[in-house]
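Down below is the structure, laid out as structure tokens.
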Amino acid sequence: MTNRAVATDRPGAGPTDEVSELGPAWLSVALGVEVTDVAATRVGTGQMGQSWALALTGPDPAMPRSLVAKMAGGDPSTRTLIADGYRNEFNWYTQWCSSVDITVPNCWYATITEDSTSFVLLLDDLAPSTPGVQLAGFTAAESTVALRELAGLHGPRWADPALTTDPALRVPSPEGAGFHAEVFAGAVPQFIEKFAPWLSADDIAVLDDLTGWMGDWLLAGRDRLTFVHGDFRPDNLMRSPDGARIHTLDWQTIGLGFAGRDLGYFLGLGLDTEVRRGAERELVQTYHEALRAHGVDRAPEATWTDYRLGTPQGPLVTILGAVYATATPTPESDAMFASMITRSCAAIRDLDPGSLVG
């Protein structure tokens, strides 16, 4: 995968939270071509931001006719809590994605404030591809395509020491793990209270148990750090009409970790539980073979162990996302989070990652 050069921070096309400001003058500066008209339509229900489909008019035949503008969302006074995510996505498109082999939309322009609380990305709209649906989950066939893409994220920078010297990437540390474990433990009771109608007693027991060893889990796999997406699931994957190609979106959670965090997360909550149980061995083997094709020399059973160990990523992202999302909850977002937590708790019961921590 090669990423086109991304223009950044052109004077006259600065960060904004208002789509109304992305008019012809702003877009002409950002794209470097004359835009004479633009029509914006809200798309998606992002939990941490807002996205708009832009239909563009202009005389240059090389100008893109449709783009997606991704912007910050929610109350500006609380965005410092998620500003790192905005900066991560900006860095992903402008610095990091060209060094791996995963398919992403082209980014035409990117701009962000110094404090990272406001940004704009102009991305290809990927039509006629369509997003996966978390509630439905991926089929085993769709998961095969997704896992080959995931190996293209993990493999090229596997255990690359240069990643740990990038000041924009945080290396897992005892201090950071302790902080995030404390935040997670504080969020669990709030999550259980809100989502009690969907949770079984066994689910609640998994979450209560997980608070006891989340800090240790966050320090796992530091000998094999690589890029991890952090939220690799159907809603963030765009499928081509024939199902042969997938683009991965939403890079606000990109960071350093062991690859099993993405693998356990995707299979643990991105598939219906019974589909996952029936196909997981074959799917992990597919991922393993794709990883080897990128030069990672691992035994198949080591990849299986990483998969098992990665499953707590599901409750971690689900609970923090549900409790601290800036978007107003809806019945649809509640159902999404409920599917994520119940599937991932089932995966933890099946795969026993706690026995691998320590």
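The values are calculated or read from the model by the stated rules, or taken from the named source; none is laboratory data. Since we're looking at a predicted model, the values are computed, not measured. Every residue, glycine as well, gets a Cβ built from its backbone with ideal geometry; the counts of neighbours run over all protein chains shown.
Couple of notes before you dig in:
- Region 134-149, residues that are out of contact with any helix residue (DSSP H, G or I) (no Cβ under 6 Å at 6 or more places or on another chain) and on the phi < 0 side of the Ramachandran plot: ALA136, THR139, ALA141, GLU142, VAL145, ALA146, GLU149
- Within region 246-269, considering residues that are under 19 Å from VAL68 (Cα atoms) and either charged (D, E, K, R) or not in a loop (DSSP other than H, G, I, E, B) (or both), the one farthest from the chain's Cα centre (by Cα): ILE246
- Failed criterion for SER116 (all others in (1) under 27 Å from THR330 (Cβ atoms); (2) among the small types (Gly, Ala, Ser); (3) assigned by TED's automatic domain parsing to the domain that holds LEU267 hold): (3)
- For region 37-59, a residue qualifies if it is at pLDDT 95 or above and surrounded by 13 or more Cβ atoms within 10 Å (Cβ to Cβ), and the qualifying residues are VAL38, ALA40, TRP52, ALA53, LEU54, ALA55, LEU56, THR57, GLY58.
- Any hit, region 145-153, residues being assigned by TED's automatic domain parsing to the domain that holds ARG298 and either over 19 Å from THR253 (Cα atoms) or at pLDDT below 95 (or both): yes
- Search result, residues across region 91-141 that are assigned to a strand (DSSP E or B), under 21 Å from GLY73 (Cβ atoms) and among the polar types (S, T, N, Q): THR111
- Qualifying residue in region 226-242 (condition: in contact with a helix residue (DSSP H, G or I) (Cβ under 8 Å, 6 or more places away or on another chain), farther than 28 Å from LYS70 by Cβ and part of a loop (DSSP other than H, G, I, E, B)): no
- Condition check for ARG148: surrounded by 14 or more Cβ atoms within 10 Å (Cβ to Cβ) and in a helix (DSSP H, G or I): yes
- Candidate set from region 151-166 (those that are in contact (Cβ under 8 Å) with a residue 24 or more places away in the chain and part of a helix (DSSP H, G or I)); member that is nearest to the chain's Cα centre (by Cα): LEU153
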